[in-house]
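Chemist: Got a structure here, written out as structure tokens. Questions coming.
Please treat every number below as a calculation from the coordinates, not as lab data. In this text the structure is predicted, and so the values were computed from the model without any measurement. Cβ atoms come from the backbone with ideal geometry, glycine included; neighbour counts cover every protein chain shown.
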Amino acid sequence: MVTAALPVAAEAAEPITIEERKTAKPVLPVVPVEGVPLRRFTLDEYHELIKIGFFDEDERIELLEGFLVSMSPIKPPHAYAVDCLLQLFASLLSRGEIRLRVQSPISIAETESEPEPDLVIAKDLGIAYARRHPHPSEILLVLEVADTTLVQDRARKGMVYARSAMAEYWILNLADESLEVYRDPHAPTAGDAVYQTKLTFHRGETVAPLAFPDFEVAVDDVLPPPAEGTGD
């Protein structure tokens, strides 16, 4: 995380405006800081920063446990997998009362977090989502596609989702060509929240979400095609 003051105009010695900040070079490099107490943001403060235009429109940021976290650029295999997942789960829409959300926020007040998962199946609350993002109790399945973000998706995001008692969390692991399924969230009074059950599915296997036990998802249908020369 970064502990850096906003750039100051040299002559006036006053803080520059938000628009000027967007084009100014940062005073300090963006580097992680270990062993330094960092100031967390509340969910309301994060929403206020968005409201006043603090972030660039194309800046990919999410709030995790009060910290602003930069999101990795989306590479073609990642985008392809998200497209496949969306097309697959779109068939559930005919059952009614659900909504598919792609790379859109979930507001988690319990942990001062607002992650932006690759795919969410939420209860359909109609126009309520025009005023706010879904809350954990309204989420049926949360899914991340992981390539370079696998460690964070397993650890930090897994803990955030488990802490908020989201019943099921999937990670489509592009590096290992597998689908990791996490269930049975547990949030102890002391220590990190965890999912007590982890299942791993590979090519040739299928799994059904807890919320839709009759809806089989084939791992092959959501992974990018095997690389040439792998023998698959």
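Chemist: So for segment 76-222, averaging the separation of alpha carbon pairs under 8 Å that are six or more residues apart and normalising by length, what relative contact order in percent results?
Modeler: In percent, rounded to a whole number, it is 17.
Chemist: Please list 3J(HN,Hα) in residue order for segment 73-84, calculated via the Karplus relation 6.51 cos²θ - 1.76 cosθ + 1.60 where θ = phi - 60°; whole Hz, with x for glycine and proline.
Modeler: x, 8, 8, x, x, 5, 4, 4, 5, 4, 4, 4
Chemist: Shifting gears a bit: Quote to one decimal, in nm, the extra length available between residue 176 and residue 215 on full extension: 0.36 nm per residue of separation minus the C-alpha distance between them.
Modeler: Contour length minus the Cα-Cα distance gives 11.7 nm.
Chemist: Please pull out the direction-averaged projected area of segment 178-232, using the convex hull of its alpha-carbon atoms, in nm² to one decimal place.
Modeler: Result: a mean projected hull area of 5.2 nm².
Chemist: From the C-alpha coordinates alone, can you work out the Kirkwood hydrodynamic radius of segment 76-222, in Å?
Modeler: Kirkwood radius, segment 76-222: 15.5 Å.
Chemist: Something else: Between residue 165 and residue 147, what is the label-to-label distance in nm when each label sits 7 Å out along the Cα-to-Cβ direction?
Modeler: 3.7 nm
Chemist: Restricting the count to DSSP beta bridges whose residues both fall in segment 76-222, what percent are antiparallel, rounded to a multiple of 5?
Modeler: Counting only bridges with both partners in segment 76-222, antiparallel ones make up about 85 percent.
Chemist: Sort 93-103, 59-69 for me by packing, meaning the mean count of neighbouring Cβ atoms within 10 Å per residue, highest on top.
Modeler: In descending order of packing, they fall as 59-69, 93-103.
Chemist: Using 7 Å Cα-to-Cβ label points, what is the residue 184/residue 45 separation (nm, one decimal)?
Modeler: With each label point 7 Å from Cα toward Cβ, the separation is 3.8 nm.
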